[in-house]
Amino acid sequence: MSPLVTPELLDRVRERLAGGAGDPDPAQVAAAIRAEAGGVLGDTDLLRALRLLQTEMTGAGVLEPLLHDPQVADVLVTAPDAVWIDRGHGLRKTSVTFPDEAAVRRLAQRLALSAGRRLDDAQPWVDGRLSGREGALGDSFGVRLHAVLAPVAHGGTCVSLRVLRPATQGLDALAASGAVAPEAKLLLERIIRARLAFLVVGGTGAGKTTLLSGLLAKVDPEERIICVEDAAELAPPHPHVVRLVARTANVEGVGEVTVRDLVRQALRMRPDRIVVGEVRGAEVVDLLTALNTGHDGGAGTVHANSPQEVPARLEALAALGGMDRAALHSQLAAAVQVVLHVHRRSDGSRGLREIGVVQPDESGRVRIVAAWRADDGPAAAAAELSALLAERLDR
């Protein structure tokens, strides 16, 4: 760094620009440098300072090129010299670095401000969404931001960026890539035609949204699909999709629109199918109610490690909406027929692992019984699923 372009000068320029709205343009940055330098910088030093500050103060700074890589799903910062990415095959460390911990903290706070959130010592963590980005192929995408400041994050400020690219792959493409076995593809196509309601379950990053989008692409073009999401990820190649996206409260604490609000609105929009991109709270009550009032073929995704854990997971979510265990199992048995389990394989690839059938037992409790498994094909409930499909398709 030039003797004239000191850290103190850069700090003064940052402070001058901090009061502005949005990312400063090059002219604003250059004017702030000249003002703080008092006219003593030459053209070379001015350009050097301008490059340093532009990289740091626009977009996601040095992380921006990583976000624009179409293969990157996550960008994680755990220390100034530890920036990691996931391209779908596990975490890999990059060569990207920050000058120091203060630079990571500044980036986290600026991104929080861009998301309309607060991040400081009094509120040392943030969860928000960044939008308005365009990829190298002209596709638009959003970014989910999470950050925790030191000393709560013991090793230094941690930043987690999840890239939210619209899931547009069709079922045929998923089958061609090996994510869905040929015999499973035929079952899934029949499930869609029979208008069975289904849940896609799996862990974080297992491919739930991708599979759901591929299945929705197989829905009859004359049907109207209403998609409700916490973050805009579903973009199925279907001619009649209405997408409703939830909104967090602003810095004043007003303006929140929840997924539960939007599920209720979807019921008034003449849906043929109601889809909830991710069921993570009390909206499960409204979704099950909707699926029990004449809306066949609905769908959603749920975080669960296995199909067998789905009833317990939904019990916990339904309790947030005031629905007890018995009511949840009764509604689930009547509303949902199939559970699809996706997982991330040991090599980092993702695929469909199991197709399960929702079965109530003698006590009225619901269990999920496998009808097909990737390891050994047809399973215990295969005949039940076949009969259910035949009954629906013969109507």
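Against the test of being touching a residue at least 12 places away in the same chain (Cβ under 8 Å) and among the acidic types (Asp, Glu), the options Glu354, Glu362 yield a single qualifying residue, Glu354.
The requirement of being over 18 Å from Gly88 (Cα atoms) and surrounded by 19 or more Cβ atoms within 10 Å (Cβ to Cβ) is satisfied by Ala246. Within region 280-306, if we keep just the residues that are among the β-branched types (Val, Ile, Thr) and over 19 Å from Ile355 (Cβ atoms), the residue that is surrounded by the most Cβ atoms within 10 Å (Cβ to Cβ) turns out to be Val284. Every condition in (1) charged (D, E, K, R); (2) over 18 Å from the mean Cα position of the chain (by Cα); (3) modelled with pLDDT of 85 or more is met by Arg144 except one, and the failing one is (2).
Looking at Glu384, Glu309, just one residue is within 30 Å of Ala232 (Cβ to Cβ) and not in a loop (DSSP other than H, G, I, E, B), and that residue is Glu309.
For region 226-240, the candidate set comprises residues that are at pLDDT 90 or above and crowded, with 24+ Cβ neighbours inside 10 Å; within that set, the residue that is nearest to Gly294 (Cα to Cα) is Ile226. The requirement of being modelled with pLDDT of 90 or more and either under 22 Å from His329 (Cα atoms) or buried (at least 17 other Cβ atoms within 10 Å of the Cβ) (or both) is satisfied by Arg273.
The values are calculated or read from the model by the stated rules, or taken from the named source; none is laboratory data. Remember, it's a predicted structure, so these values are computed and weren't measured experimentally. Here Cβ is always computed from backbone atoms with ideal geometry, including for glycine, and neighbour counts include all displayed protein chains.
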